[in-house]
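The values are calculated or read from the model by the stated rules, or taken from the named source; none is laboratory data. Because the structure is a prediction, the values reported are computed rather than measured. For neighbour counting, all protein chains shown are included, and Cβ atoms are generated from backbone atoms with ideal geometry for every residue, glycine included. The protein model used for the area step is the full one, side chains on, heavy atoms only, and it has no ligands, DNA or RNA in it. Shrake-Rupley method; radii C 1.70, N 1.55, O 1.52, S 1.80 Å.
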Amino acid sequence: MLAQRIRRKRQQAITCLNLCGPNFAGSSGKSKVEALVLVNEEVLRIIGDAGMRLGADAAQMLEKLDDSVSVARKLVEGEKDAFIITGELVQKYAQQQPEENKIPMPAEVYRSPDFKPLAAEHDSEFSIQHENEFSATEARLGTLDNFVEYFNDRFKRTRSILYTRPGENSIQSIASAMGMVKGSKVRVAGIVNNRHITKNGNLLIDIEDDTGTVKVLVTNRDSNRALFADAGGLVLDEVVGFDGSVSAPFIFADSLLWPDVPIHEPKMAERDLSIAFMSDIHAASRHFLEDQFRSMLRWLNGDCKTERERELAGKIKYIVISGDIVDGVGIYPTQERELVVKDIYEQYALFGKLMEDVPDYIEVVVAPGNHDAVRRAEPQPLFSDEVRKQICSESRGNMHFTSSPSTLNIEELRILSYHGTSLDSIIASMPGMSYSQPEKPMAELLKRRNLSPIYGENPIVPEKKDFMLIGEVPDILVMGHIHKNGYTNYHGTAVLNSGTWQDRTDYQRQQGHIPSPCILPIYHARYARLELVNFREGGS
């Protein structure tokens, strides 16, 4: 693998050399190539795509820079008319990079004296539900018994939801169903173990319950297209039901039963107050959009452009933050190059300093994400005492901490908050899913009544209870992680992804992912209506 990587870099260097031509210093073609091999691959691609030529002195300087990719990108964007990249140009843009380890200290925000927020006149009505039902320290060693206990809980609780589905047949065990005569109509439920397309183009699905396994056949007939398409979206480890006919060793499926959330009217609160949602702030990242975040804080304190905006800001009584409040340490290779603060506790202190400017009448609920200093495996517990002390003092009454996932009761609305790490596996496993529309995979999780149905794609602790299962139907489901805002209404539940406050990273550029930073979703609890405020340009 290493030899292949070296050969690939050499070929990329030769391609770049063809663009650089005689303007690249060196006594021979070989020495020119060897010099370019030392330069970051992404830097060579950026320069090659811009059609520019690279000087020898510039190559040597870029090779020594930790943040060469960012420098190269800013250079080609800022010097569009340049033909040859010189060492002088590299030095110019290298000097514009943020100073390493410098902790940005937010400017103090003051509330406008004529700002009379409606939310300040009301007491809070919220609680955090089930935040301590699981423990980060309890010994769950991943033994066979642990996994059996976990999947038994998932199956039994999801099957109880499927029992409520209408139909001519009630759910029976797989063993009982397979003991019936050929042609008998049955309804079974089980965990999806496997699925594949047969040589005849039909779909064969293996499901299992606590009595046995069975193969469910979904034919690809014209009259069966809708069922075939639905079954094609099944993912491993989810619990579903089937109506069908027995023909041992198969059940020929007639319909597919999802646990799903029932169709219901959106619930509305009595008081005219609002909830703001955030996630993926990534404080301490070089890409954290601090100016825009400060602008949002000033806006919350009444520094608004119009009277309509002041009224909107004044109704915000709650802020729910769904994870990745800091960029973390050691999350991915070479991450330290992307950090302005490399100490994890200082990162949380920075976040806490920023949040001091949130008006004290606003309740702030903070949950962790995969970049935060809690266990990576889900469910993720609330922050440790050490981390919480960095964010705020115990006397600060409007900061609250919870787990991921967690259920919040706010203004009589049930809000399910989850960072959203499992969205990666759902998008990769299901047709028609993409990072540009996070609300679609989120709705699929509601349909499956589980926040992380695929076991193993992202780590899950085999707790005694499946805490990722969606028991009570939420009025609002909120996630982050994707760095892309998205909104929909699914069966009466408001589904929203709260986006990010981090600019597009180099990794996202490589993946072609375009985030939507600095868009603040605000939910009007009394009217079940969502409104967006865009701070992308440094203001509302």
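Per-residue answers, yes or no, for (1) in contact with a Gly (Cβ under 6 Å, 6 or more places away or on another chain); (2) surrounded by 20 or more Cβ atoms within 10 Å (Cβ to Cβ); (3) in contact (Cβ under 8 Å) with a residue 60 or more places away in the chain:
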{"position": "270", "(1), (2), (3)": "no, no, yes"}
{"position": "278", "(1), (2), (3)": "no, yes, yes"}
{"position": "289", "(1), (2), (3)": "no, yes, yes"}
{"position": "300", "(1), (2), (3)": "no, yes, yes"}
{"position": "304", "(1), (2), (3)": "no, yes, yes"}
{"position": "308", "(1), (2), (3)": "no, no, no"}
{"position": "312", "(1), (2), (3)": "no, no, yes"}
{"position": "322", "(1), (2), (3)": "yes, yes, yes"}
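Summed over the range 107-120, residues that are modelled with pLDDT of 95 or more and either charged (D, E, K, R) or touching a helix residue (DSSP H, G or I) at 6+ places or on another chain (Cβ under 7 Å) (or both) total 3.
Residues that are of a type in the set (D, E, K, R), buried (at least 21 other Cβ atoms within 10 Å of the Cβ) and not in a helix (DSSP H, G or I) within the range 413-458 comprise just one, 449. Of the set (1) open to solvent by less than 50 Å² (accessible area, probe 1.4 Å); (2) touching a Pro at 6+ places or on another chain (Cβ under 9 Å); (3) at pLDDT 85 or above, all apply to residue 174 but (2).
Candidates in the range 513-529 are the residues that are open to solvent by 20 Å² or more (accessible area, probe 1.4 Å) and more than 20 Å from the chain's Cα centre (by Cα); of these, the one that is nearest to residue 411 (Cα to Cα) is 526. For the range 459-502, which positions are among the aliphatic types (A, V, I, L, M) and either touching a His at 6+ places or on another chain (Cβ under 8 Å) or open to solvent by 10 Å² or more (accessible area, probe 1.4 Å) (or both)? Result: 460, 461, 469, 473, 479, 494.
If the condition is being open to solvent by less than 60 Å² (accessible area, probe 1.4 Å) and closer than 14 Å to residue 208 by Cα, then the range 154-165 contributes 154, 155, 158, 159. You will find that of 208, 168, the residue that is of a type in the set (D, E, K, R) and in a loop (DSSP other than H, G, I, E, B) is 168 and no other.
Annotation note: Cβ proximity below 9 Å between a residue of the range 487-507 that is at positive phi and a residue that is in a strand (DSSP E or B) and at pLDDT 95 or above (sequence gap 6+ or interchain) occurs for 499/277; 499/278; 499/485; 499/486; 499/517; 499/519; 499/520; 499/521. With respect to the conditions (1) closer than 15 Å to residue 158 by Cβ; (2) open to solvent by 20 Å² or more (accessible area, probe 1.4 Å); (3) in a loop (DSSP other than H, G, I, E, B), residue 261 lacks only one, and its number is (2). The set of residues from the range 182-200 being touching a strand residue (DSSP E or B) at 6+ places or on another chain (Cβ under 7 Å) and open to solvent by 60 Å² or more (accessible area, probe 1.4 Å) comprises 182, 185, 193, 194, 195, 196, 197.
Within the range 78-106, which residues are among the β-branched types (Val, Ile, Thr) and modelled with pLDDT of 80 or more? Working first, answer last.
Residues of the range 78-106 that are among the β-branched types (Val, Ile, Thr), as a first pass: 84-86, 90, 103.
Of everything in the range 78-106, those that are among the β-branched types (Val, Ile, Thr) and modelled with pLDDT of 80 or more turn out to be 84, 85, 86, 90.
A search for C-beta distances below 8 Å between a residue of the range 517-540 that is farther than 16 Å from residue 489 by Cβ and any residue that is among the hydrophobic types (A, V, I, L, M, F, W, C) and modelled with pLDDT under 95, counting only pairs 6+ apart in sequence or on different chains, returns 540/304.
Restricting attention to the range 301-347, which residues are under 25 Å from the mean Cα position of the chain (by Cα), more than 29 Å from residue 71 (Cβ to Cβ) and either part of a helix (DSSP H, G or I) or of a type in the set (Ser, Thr, Tyr) (or both)?
Initial filter on the range 301-347 (under 25 Å from the mean Cα position of the chain (by Cα)): 316-347.
If we keep only those that are more than 29 Å from residue 71 (Cβ to Cβ) as well, we get 316-323, 345.
318, 322, 345, listed by residue number.
Would you check if residue 208 is in contact (Cβ under 8 Å) with a residue 60 or more places away in the chain and either buried (at least 20 other Cβ atoms within 10 Å of the Cβ) or of a type in the set (Asp, Glu) (or both)? Taking the combined requirement at face value, the residue does not satisfy it.
The residues of the range 51-66 that are within 20 Å of residue 505 (Cβ to Cβ) and at pLDDT 70 or above, listed by number, are 62, 65.
If you check 388, 396, which single one turns out to be buried (at least 17 other Cβ atoms within 10 Å of the Cβ) and more than 17 Å from the chain's Cα centre (by Cα)?
388
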